[in-house]
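Notes to accompany the following structure.
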Amino acid sequence: MIIDIHGHYTTAPKALEDWRNRQIAGIKDPSVMPKVSELKISDDELRASIIENQLKKMQERGSDLTVFSPRASFMAHHIGDFNVSSTWAAICNELCYRVSQLFPDNFIGAAMLPQSPGVGPKTCIPELEKCVKEYGFVAINLNPDPSGGHWTSPPLTDRQWYPIYEKMVELQIPAMIHVSTSCNACFHTTGAHYLNADTTAFMQCVSGDLFKDFPDLKFIIPHGGGAVPYHWGRFRGLAQEMKKPLLEDHVLNNIFFDTCVYHQPGIDLLNTVIPVDNVLFASEMIGAVRGIDPQTGFYYDDTKRYIEASKILTPEEKQQIYEGNARRVYPRLDAALKAKGK
Ligand SMILES: [Zn+2]
């Protein structure tokens, strides 16, 4: 079985974006704020948006199941206040839930949280619990920078985040550390802000002692870990100077990396540096990079090809990356599969 742990609903019907634009207009002029009930998307529209896009590519490329969350760049936690984020997160999560019900063998949900700059993360817990307990979601996306590129929140090791972590451990769900749109012109959203955040989140964890307090907490750092695998020696050296344990003991029981790296040398570097236990298959399809690589003739984000072509990984290790690690890091995903006899 091939599990892609990183997919977003980037192809939602246009009505969603139209509703969101009206909601944003309603922040300044409450008289135009739309009601949730004014957003109408039929099951047929949802089906069409998936069959022609994600599902088609999954079948072409040969992956079976995608952990599916709302479009990351649309989370835009910096827009409006907590109530705006709360309504928006509920709508986006419900759509992913409906997709998971329409295609139960191919999609299972991960929640976006109703984060808002300056608001304590614990306010996200009701939405988180609803998604896990009522929708059967198996993970969350946690935004380390709800300000959208201005980094006004404390680091992930700060106690402000602990209520979320306590709930994650209680419910046995991991968090993908995933920022949203950059509203800072210095940072391109997917080319800079995402990768900066991946690297930043990792270094925050190296600098702190979060996993002493939460030995069972699990983070997935997406996009291949940003600059982390490439600079592993730097992080090892910094940890040493900070008198931290070896990274294997300090963070690698808790931090995992996905394979959203869009060329063979990058995937090979990831799998040379990072232990196979810490790598999970993902493509982030359909996402940031949608074109075809003229050097290979294949889509950049067809990451399964790079794993298949890897000369570093044994067949058993490839299967671990495709399936075994996901089942271990996402216990609720494993339980949902086992309940279906898979
Ligand atoms: Zn993503």
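Taken together, the criteria exclude residue 200 from residues that are of a type in the set (Ser, Thr, Tyr), within 13 Å of the ligand (Cβ to nearest atom) and assigned to a helix (DSSP H, G or I). The number of residues in segment 116-144 being closer than 20 Å to residue 184 by Cα and out of contact with any helix residue (DSSP H, G or I) (no Cβ under 6 Å at 6 or more places or on another chain) comes to 4. Checked against the criterion of being within 16 Å of the ligand (Cβ to nearest atom) and among the charged types (D, E, K, R), the candidates 4, 81, 64 yield just one match: 4. Residues that are in a loop (DSSP other than H, G, I, E, B), in contact with a Phe, Trp or Tyr (Cβ under 8 Å, 6 or more places away or on another chain) and not small (Gly, Ala, Ser) within segment 286-299 comprise 289, 290, 293, listed in sequence order. Counting only helices (runs of 4 or more DSSP H) wholly contained in segment 300-342, the ones carrying 1 or more residues that are of a type in the set (D, E, K, R) and more than 23 Å from residue 134 (Cβ to Cβ) occupy 303-309, 315-319, 325-329.
Every condition in (1) touching a residue at least 24 places away in the same chain (Cβ under 8 Å); (2) surrounded by fewer than 23 Cβ atoms within 10 Å (Cβ to Cβ); (3) within 18 Å of residue 217 (Cβ to Cβ) is met by residue 118 except one, and the failing one is (3).
For every residue, the table says whether it meets (1) touching a residue at least 24 places away in the same chain (Cβ under 8 Å); (2) surrounded by fewer than 16 Cβ atoms within 10 Å (Cβ to Cβ); (3) touching a Gly at 6+ places or on another chain (Cβ under 6 Å); (4) of a type outside the set (A, V, I, L, M).
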{"position": "143", "(1), (2), (3), (4)": "yes, no, no, yes"}
{"position": "147", "(1), (2), (3), (4)": "yes, no, no, yes"}
{"position": "152", "(1), (2), (3), (4)": "yes, yes, no, yes"}
{"position": "196", "(1), (2), (3), (4)": "yes, no, no, yes"}
{"position": "203", "(1), (2), (3), (4)": "yes, no, no, no"}
{"position": "207", "(1), (2), (3), (4)": "yes, yes, no, yes"}
{"position": "218", "(1), (2), (3), (4)": "yes, no, no, yes"}
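Considered as a group, the residues in segment 110-145 that are within 16 Å of the ligand (Cβ to nearest atom) and among the polar types (S, T, N, Q) include one that is farthest from the chain's Cα centre (by Cα), and that residue is 115. Restricting 35, 40, 56 to residues that are surrounded by fewer than 18 Cβ atoms within 10 Å (Cβ to Cβ), over 16 Å from the mean Cα position of the chain (by Cα) and within 24 Å of residue 323 (Cβ to Cβ) narrows the list to 56.
Tell me whether segment 164-186 contains one or more residues that are on the phi < 0 side of the Ramachandran plot, of a type in the set (Phe, Trp, Tyr) and in contact (Cβ under 8 Å) with a residue 60 or more places away in the chain.
no
The residue that is surrounded by the most Cβ atoms within 10 Å (Cβ to Cβ), counting only those in segment 284-324 that are under 30 Å from residue 180 (Cα atoms) and aliphatic (A, V, I, L, M), is 285.
Scanning segment 1-31 for residues that are closer than 30 Å to residue 317 by Cα and among the hydroxyl-bearing types (Ser, Thr, Tyr) returns a single hit, 9.
Quick grid of which residues meet (1) without any contact (Cβ under 8 Å) to a residue 24 or more places away in the chain; (2) among the polar types (S, T, N, Q); (3) within 16 Å of the ligand (Cβ to nearest atom):
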| residue | (1), (2), (3) |
| --- | --- |
| 232 | no, no, no |
| 252 | no, no, no |
| 286 | no, no, yes |
| 310 | no, yes, no |
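Across segment 162-179, the qualifying residues are those that are more than 16 Å from the ligand (Cβ to nearest atom) and touching a strand residue (DSSP E or B) at 6+ places or on another chain (Cβ under 8 Å), and the one among them that is nearest to residue 120 (Cα to Cα) is 164.
We did not get these values from a lab; they are worked out from the coordinates using the rules stated. As the structure is a computational prediction, the values presented were derived from the model and not from experiment. Methodologically, a virtual Cβ is constructed for each residue, glycine included, from the backbone with ideal geometry; neighbour enumeration extends over all protein chains shown.
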